[in-house]
Each structure stands twice: as C-alpha cells, then as structure tokens.
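A short write-up of the structure that comes next.
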Amino acid sequence: MKQTKKLVVPVCLVIYTIIASCADMQLTAHYTKLAASTLTIPPYPFLHQLVFAPIGSILGMNTLIQQSQKEGKWRFNILLFLLLFLPSVYVAFQPYFFFRVPWLAFLHEAEWIKSPLWIAASIIVGYSIVSPWEKKVQK
C-alpha cells in the first residue's frame, strides 16, 4: 500500500505530461489556423501558457502532502511565493504585458514561446502556487 502511494504522483505526472503535450500541439495548430484565416490573433491564447502549469502543481503536491502530516497551523510563505511566482509569471505571460524590462530583451522575440524557458516558467507558476503552504508548529 505504501509503495502504491509513492507511485501516484509520478504516474499522474507522466499522464498529464502526455495530455499537456497533445493539448499544446492542438492549441498551437488551432491558433495558427485561426490567425491565418482571419488575420487576427484571438484574445484567449494565454490559455496556451497555462497548459504546463498543472505539472508544477503535481510536483509540489508531494511537499504539500508531507506538510499536511505535521502538527500545527497552516502558514503561507509569502517570500517564497514572490521569489518564485513573480519572475515565472513575467516570463510565461510576457507577450501579454504592456511593460518591458530592457535587460530581458531576448523574451521580446516570438521564437521564445516554444523554448524550454517558457515551458519551465509555466511549470514554476504551478509549483509556486502549491509549494509556499507549510505548517508552523505552535509553541
């Protein structure tokens, strides 16, 4: 039974990675066809950036499960959240922001959207939502 519990997170991770990759290909094909036929970019491609975020949430679930077994009150680590969440959201959703950071000029090019940096940033967004929760022991 204990061995089965250890396999749940990796199995979920593999299954969702396959589903996310298929969904990513379908969304890319749909947006490309829509943009080519109407000569406009639809307002909802930001959903494309969220496809890989649940992978980060699944990765952070192990830490959350370990924290839930401890005694104490739940606490949200705001520093960890800000250090992980803000930079990764900027990288993942950069095409939708109106402001630009000059020393991150390489993100302004269109080719970065299919780079591993974008996928890693989306995964970190999901992880940063789950990982800051911890239990603080009361004294």
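The values are calculated or read from the model by the stated rules, or taken from the named source; none is laboratory data. It should be emphasised that the depicted structure is a prediction, and the values quoted were computed from it without experimental measurement. In this analysis, Cβ positions are derived from the backbone assuming ideal geometry, glycine residues included, and neighbour counts consider all displayed protein chains. Note: areas computed on protein heavy atoms with side chains; ligands, DNA, RNA excluded. Shrake-Rupley method; radii C 1.70, N 1.55, O 1.52, S 1.80 Å.
Criterion applied to 65, 58, 15 was being among the hydrophobic types (A, V, I, L, M, F, W, C), touching a Cys at 6+ places or on another chain (Cβ under 8 Å), at pLDDT 75 or above and not in a loop (DSSP other than H, G, I, E, B), and the one residue passing it is 58.
Of the residues making up region 26-38, none is at pLDDT 75 or above, under 17 Å from the mean Cα position of the chain (by Cα) and closer than 22 Å to residue 126 by Cβ.
Being modelled with pLDDT under 70, closer than 19 Å to residue 125 by Cα and open to solvent by less than 90 Å² (accessible area, probe 1.4 Å): is that true of residue 45 here? It is true that residue 45 is modelled with pLDDT under 70, closer than 19 Å to residue 125 by Cα and open to solvent by less than 90 Å² (accessible area, probe 1.4 Å). Within region 99-126, the set of residues being of a type in the set (Phe, Trp, Tyr) and modelled with pLDDT under 65 comprises 99, 103, 106, 112.
Give the residue that is nearest to residue 20 (Cα to Cα), with candidates limited to residues of region 58-95 that are hydroxyl-bearing (Ser, Thr, Tyr) and open to solvent by 30 Å² or more (accessible area, probe 1.4 Å). If we take residues in region 58-95 being hydroxyl-bearing (Ser, Thr, Tyr) and open to solvent by 30 Å² or more (accessible area, probe 1.4 Å), then 63 is nearest to residue 20 (Cα to Cα).
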